[in-house]
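The structure appears below as structure tokens.
The values are calculated or read from the model by the stated rules, or taken from the named source; none is laboratory data. Note that the structure is a prediction, hence the values are computed from the model and not measured. Note that we place each Cβ from the backbone using ideal geometry, even for glycine, and neighbour counts take in every protein chain shown.
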Amino acid sequence: MRRPEELGFRERIYLPAIVRGLFVTGKRFWRNLLGHGFRQMNLDGGSSSVTIQYPDAQLNYGEGYRGAHRLTLKDDGAVNCTACFLCATACPARCINIEAGEHPDNAVEKYPLRYEIDTLRCIYCGYCVEACPCDAIRMDTAVHPGVSGYSRLDFIEDKARLMGRSRVIGNEGRAALMKDHAEQSAGDQPRTDPDSS
């Protein structure tokens, strides 16, 4: 792009650019304001912006949506994680804490005794999913981060909660997990998982 060597009077005072910016802002403001009014009277014809009344109405997220984390399970219900710490190492926010222990089965070297994700620190970048060599952690739940409580400790998701999401998806599908999340967001009690370990 060629830059002008010398600015003219109009360019130096920036007045045309300011007026153009105010015009664009004003046009969108009035379109949205009147559009919502027309929507309330069912006169808009579907042209104004739409506000989703969550949790009563929900959007369907695409397959690539990075939602809340979950730990995948083996066929016997044990966690797939081998406590290799690659996910914690790859995490730029340093929100994953793992405590490894020896597995009772000699064929498996170790497993996570404690696996926690601090969702207040997590930036949902997906690096943990990409770094995991055994596909133990996923972000395909279609559940967006929500308000888990009123203290910082309520936002730390432990191993049982992360495994519980995989159990719900495996037994009932992603839609059931999203329904549980919507009920929890609406103030109902969340599902209690009797199989949590």
Please go through segment 126-145 and pick out each residue that is touching a residue at least 60 places away in the same chain (Cβ under 8 Å) and among the small types (Gly, Ala, Ser).
Gly126, Ala136, Ala142
Test set (1) more than 22 Å from Arg167 (Cβ to Cβ); (2) under 19 Å from the mean Cα position of the chain (by Cα) - Cys84 fails condition number:
(2)
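To keep it simple, each residue is scored yes or no on (1) at positive phi; (2) modelled with pLDDT of 75 or more.
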{"site": "Gly8", "(1), (2)": "no, yes"}
{"site": "Arg12", "(1), (2)": "no, yes"}
{"site": "Asn32", "(1), (2)": "no, yes"}
{"site": "Arg39", "(1), (2)": "no, no"}
{"site": "Ser49", "(1), (2)": "no, no"}
{"site": "Glu63", "(1), (2)": "no, yes"}
{"site": "Gly67", "(1), (2)": "no, yes"}
{"site": "Arg70", "(1), (2)": "no, yes"}
{"site": "Phe85", "(1), (2)": "yes, yes"}
For segment 138-159, enumerate the residues that are aliphatic (A, V, I, L, M) and touching a strand residue (DSSP E or B) at 6+ places or on another chain (Cβ under 6 Å).
Ile156
Name every residue in segment 157-176 that is surrounded by 13 or more Cβ atoms within 10 Å (Cβ to Cβ) and either in contact (Cβ under 8 Å) with a residue 60 or more places away in the chain or closer than 12 Å to His69 by Cβ (or both), in order of residue number.
Glu157, Asp158, Lys159, Arg161, Leu162, Met163, Gly164, Arg165, Ser166, Arg167, Ile169
Just to be sure I understand, how many residues within segment 90-110 are outside any loop (DSSP other than H, G, I, E, B) and under 16 Å from Arg70 (Cα atoms)?
3
Can you find a residue in segment 128-148 that is charged (D, E, K, R), on the phi > 0 side of the Ramachandran plot and at pLDDT 90 or above?
yes
Counting just the residues of segment 92-125 that are of a type in the set (Gly, Ala, Ser) and in contact (Cβ under 8 Å) with a residue 12 or more places away in the chain, which one comes out surrounded by the fewest Cβ atoms within 10 Å (Cβ to Cβ)?
Gly101
Kindly provide the set of residues from segment 122-152 that are farther than 21 Å from Arg174 by Cα and either under 12 Å from the mean Cα position of the chain (by Cα) or part of a loop (DSSP other than H, G, I, E, B) (or both), ordered by number.
Cys122, Ile123, Cys132, Pro133, Cys134, Gly149, Tyr150, Ser151
